[in-house]
Amino acid sequence: FFTRVVPPLLFLLLLLLEFLVTGRMLLRLFRMPEVAPFPEVVFSAGLGACMWIVLLWLLAVFHIIIAPVAWTIAVVIPLVGYRHLFYWVKKFVYGGEERHVPWYAPQTLLLWLLLTYLAMNFLTVVRPFPIGWDDLGSYLNRPRLMVSYGSFIFSMASFQWEYLTSIGFLLFGYGSTFGATASMMVNWMAGALALSVVLAFAQLFLGKGRGLLAALLYYTLPLVGHFSFADMKIDNAVFATGAL
């Protein structure tokens, strides 16, 4: 557990922190109005992910999508946005709210089912090899090829989630086991982002504590669930960005 499961989890948490810092810098730059804490997390993470796609696309276009440049960007962004970095660290360490909900309440059951399904899918993705043909031929193969060439390839012409998929190969090597697992975890992360978008929408328009049933219904759709643990496709990412 500590050698196979914890490292990919830490990688995703650090990547999420990069997205949050990048996204909040852009939100403050655009002078977006303040929102509730959870929607702010979702908006910052989504916008940060989109900005990272742009950055990786630019690296590919200029033929410098290589590990040293990627690591430099990963270090420079938190340094430039150190105020936002401290903001998020403080938010997650000291922030929160207290609610008293009985253990038998429907909200408790829905939350337990949702977190359990997410955790089971996460454990299933901890593997060095894709399952589906689409993974091998397209969704993981194209970003891996781009990293191996160190430059732009035609099949990655548009802005797409696969640029984020390439981060695992880019940072840890396109031939490494952990690099492949990390890249697949980025696609699993798209499902978690999609769930968060559903919950954020419900909180904004229906109130706190709403949206659990909608999120569970979405994530338990057979096709959506399949893309979260078997075929590491980008449909969840398309839904998340479209909904945002």
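When the residues of region 38-53 are filtered to those that are free of Cβ contacts under 8 Å to residues at least 60 places away in the same chain and over 12 Å from the mean Cα position of the chain (by Cα), the one that is surrounded by the most Cβ atoms within 10 Å (Cβ to Cβ) is Glu40. Only residues that are farther than 14 Å from Met120 by Cβ and crowded, with 17+ Cβ neighbours inside 10 Å were counted across region 214-223, and they come to 2. Each residue in region 200-211 was checked for being closer than 16 Å to Pro106 by Cα and either at pLDDT 90 or above or among the charged types (D, E, K, R) (or both), and 2 pass. Test of understanding: among Pro37, Pro78, which residue is at pLDDT below 90 and within 13 Å of Leu20 (Cα to Cα)? Just a single option satisfies the conditions, and that option is Pro37.
Checking the conditions here, which among Leu27, Leu9, Leu20 is free of Cβ contacts under 8 Å to residues at least 40 places away in the same chain and either open to solvent by less than 80 Å² (accessible area, probe 1.4 Å) or part of a helix (DSSP H, G or I) (or both)?
That would be Leu27, the only listed residue that is free of Cβ contacts under 8 Å to residues at least 40 places away in the same chain and either open to solvent by less than 80 Å² (accessible area, probe 1.4 Å) or part of a helix (DSSP H, G or I) (or both).
Residues that are open to solvent by 60 Å² or more (accessible area, probe 1.4 Å) and either at pLDDT 90 or above or among the polar types (S, T, N, Q) (or both) within region 93-108 comprise just one, Gln107.
Rundown of residues vs (1) among the charged types (D, E, K, R); (2) within 26 Å of Leu58 (Cα to Cα), yes/no style:
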| site | (1), (2) |
| --- | --- |
| Arg144 | yes, yes |
| Gly191 | no, yes |
| Ala202 | no, no |
| Leu216 | no, no |
| Leu221 | no, no |
| Val224 | no, no |
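For (1) more than 30 Å from Gln203 (Cα to Cα); (2) open to solvent by less than 60 Å² (accessible area, probe 1.4 Å); (3) free of Cβ contacts under 8 Å to residues at least 60 places away in the same chain; (4) over 19 Å from the mean Cα position of the chain (by Cα), each residue gets a yes or a no:
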residue	(1), (2), (3), (4)
Val80	yes, no, yes, yes
His84	no, yes, no, no
Lys90	no, no, yes, yes
Thr116	no, yes, yes, no
Asn121	no, yes, no, no
Asp134	yes, yes, no, yes
Tyr139	yes, yes, no, no
Trp161	no, yes, no, no
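One residue stands out among those in region 224-244 that are within 20 Å of Pro143 (Cα to Cα) and among the aromatic types (Phe, Trp, Tyr): the one that is surrounded by the fewest Cβ atoms within 10 Å (Cβ to Cβ), which is Phe229.
On the stretch given as region 201-244, residues that are at positive phi and either assigned to a helix (DSSP H, G or I) or out of contact with any helix residue (DSSP H, G or I) (no Cβ under 7 Å at 6 or more places or on another chain) (or both) total 1.
The values are calculated or read from the model by the stated rules, or taken from the named source; none is laboratory data. Just so you know, these numbers come straight off a predicted model, no measurement behind them. Glycine gets a Cβ as well: all are built from the backbone with ideal geometry, and neighbour counts include every protein chain shown. We work out accessible area using only protein heavy atoms, side chains counted, and drop any ligands, DNA or RNA first. Shrake-Rupley method; radii C 1.70, N 1.55, O 1.52, S 1.80 Å.
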